[in-house]
Amino acid sequence: MVNNTSRFLASRRGFLWLGAGLAGNAALPAWAQTGFPAAGRPIRIVIPAPPGGPADILGRALGNFLSAQLDGVPVIIDSKPGGASVPAALNVARSAPDGYTLLLGINTTHTQVPHMFSKPPYDPFKEFTPITQVYRNGSILVAHPSLPAQNLTELIALSKASSEPIPAGSPGPGTNGHLYIELLNQQYGARLNHVPYKGSADAMRDLLGGFTKVQFDSPATSLPHIKGGRLKALAVTGPTRLKELPEVKTGREAGYPALDITGWMGFFGPAGMPPEIVARLNGALVAAIRRPEIKAQFEPLGLDLTGTTPAEFQAIVRNDYEAWGRIIKQTGVKLD
């Protein structure tokens, strides 16, 4: 028979045991209490670019380190190129906000596309959750060696004097490369004929072959050709010169301040993601971005690796959304 004192002590021990268990659970990180990520359940990273390109290579490299940061959960790369990045963005926006579907978006998806449709296909702020910016970088205005222009000023003068517009390639309608071309035409009187391709690889192939003469391209794909003498650099966009091309002026330095804008890539999820999961993904992705192996592989390609907080990334998206909106309104570029 258990007396009252024994009952009290037993119940007190049970209460203290229960309290300790609850306190221990409360001490766990918030993301741990969500059960994210579940062991064996894959995370899918959607990339609005074809396999083998710079975005795909970066996405796969980060995916490997993201998997390691998240205790080995599988990470799958899902390439969805074309359609001005709309199919890829919509695929993620319509997915469950559980952290298992992410978009490795470019500035095109969130700061340009919504301005280029009479009826925007999605709201970049209401339908997505920003997680972190991966990098920012300027573009390089590159030219085929046969073009008799050594800088941006000479290119514009040459285009004005030519009997036919100079063919200028881009990865596709509505891309950074397309908008920069139209900006030079509309604001600075250049005569460049836009030639759209289905991705950076196709555009670069024809530029190297001399079928087009100039294009704005990422440092990742252009620098090897510049260093190999197969292309020449006329200018760079953004506020600062590339450390890999210290002799090449920025657009602003050359007298064309409208080119003072950069591109970027970053991770987004669908709207409505729990803050705990966003924080878990942000921490893991920022750690991956800052890995020495990632820096060694991608910084020499002209990428300024960042790794921001979600709030910082949201502010960047908002600022660039307004800036590109003004440019698109001025150039009149539409995709419908």
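The values are calculated or read from the model by the stated rules, or taken from the named source; none is laboratory data. Predicted, not measured: the structure shown is a model, and the values here were computed from it. Note that we place each Cβ from the backbone using ideal geometry, even for glycine, and neighbour counts take in every protein chain shown.
Report the residue count in segment 44-69 for those that are outside any helix (DSSP H, G or I), buried (at least 21 other Cβ atoms within 10 Å of the Cβ) and at pLDDT 95 or above. Walk me through how you get there before you give the answer.
We begin by selecting, within segment 44-69, every residue outside any helix (DSSP H, G or I); these are 44-53.
Remaining after also requiring buried (at least 21 other Cβ atoms within 10 Å of the Cβ): 45-49, 53.
After this cut, where a residue has to be at pLDDT 95 or above as well, the list is 45-47.
Looking only at that region, the number is 3.
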Testing LEU285 on (1) outside the structural domain of LEU102 (by TED's automatic domain parsing); (2) closer than 17 Å to ILE45 by Cα, one condition comes back false. Which one is that?
(1)
Taking PRO74, is it over 28 Å from THR175 (Cα atoms), of a type outside the set (A, V, I, L, M), assigned by TED's automatic domain parsing to the domain that holds GLU127 and modelled with pLDDT of 85 or more?
yes
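Residues are listed down the side, and each one gets a yes or a no for (1) under 24 Å from LEU245 (Cα atoms); (2) surrounded by 14 or more Cβ atoms within 10 Å (Cβ to Cβ); (3) touching a strand residue (DSSP E or B) at 6+ places or on another chain (Cβ under 8 Å):
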{"residue": "PRO274", "(1), (2), (3)": "no, yes, no"}
{"residue": "ALA279", "(1), (2), (3)": "no, yes, no"}
{"residue": "ALA284", "(1), (2), (3)": "no, yes, no"}
{"residue": "GLU293", "(1), (2), (3)": "yes, no, no"}
{"residue": "THR309", "(1), (2), (3)": "no, yes, yes"}
{"residue": "GLN314", "(1), (2), (3)": "no, yes, yes"}
Check segment 137-148 and report whether any residue there is surrounded by fewer than 17 Cβ atoms within 10 Å (Cβ to Cβ), in contact (Cβ under 8 Å) with a residue 60 or more places away in the chain, among the polar types (S, T, N, Q) and farther than 20 Å from PRO167 by Cβ.
no
Just the residues that are at pLDDT 95 or above and over 30 Å from ILE45 (Cβ atoms), please, taken from segment 254-274.
ALA254, GLY255, TYR256
What's the number of the condition ARG241 fails, among (1) assigned to a loop (DSSP other than H, G, I, E, B); (2) buried (at least 20 other Cβ atoms within 10 Å of the Cβ)?
(2)
One residue from ILE294, ILE327 being outside the structural domain of ASN151 (by TED's automatic domain parsing) and under 30 Å from PRO42 (Cβ atoms):
ILE294
Within the bounds of segment 246-261, is there any residue that is polar (S, T, N, Q), within 20 Å of PRO54 (Cβ to Cβ) and in a strand (DSSP E or B)?
no
Hey, HIS178 hits all of (1) within 25 Å of THR240 (Cα to Cα); (2) in a strand (DSSP E or B) but one; which does it fall short on?
(2)
May I ask you to say which residue of GLY229, GLY325 is touching a His at 6+ places or on another chain (Cβ under 7 Å) and either within 18 Å of LEU152 (Cβ to Cβ) or surrounded by fewer than 20 Cβ atoms within 10 Å (Cβ to Cβ) (or both)?
GLY325
In segment 239-256, which residues are of a type in the set (D, E, K, R) and touching a Leu at 6+ places or on another chain (Cβ under 8 Å)?
GLU244, LYS249, ARG252
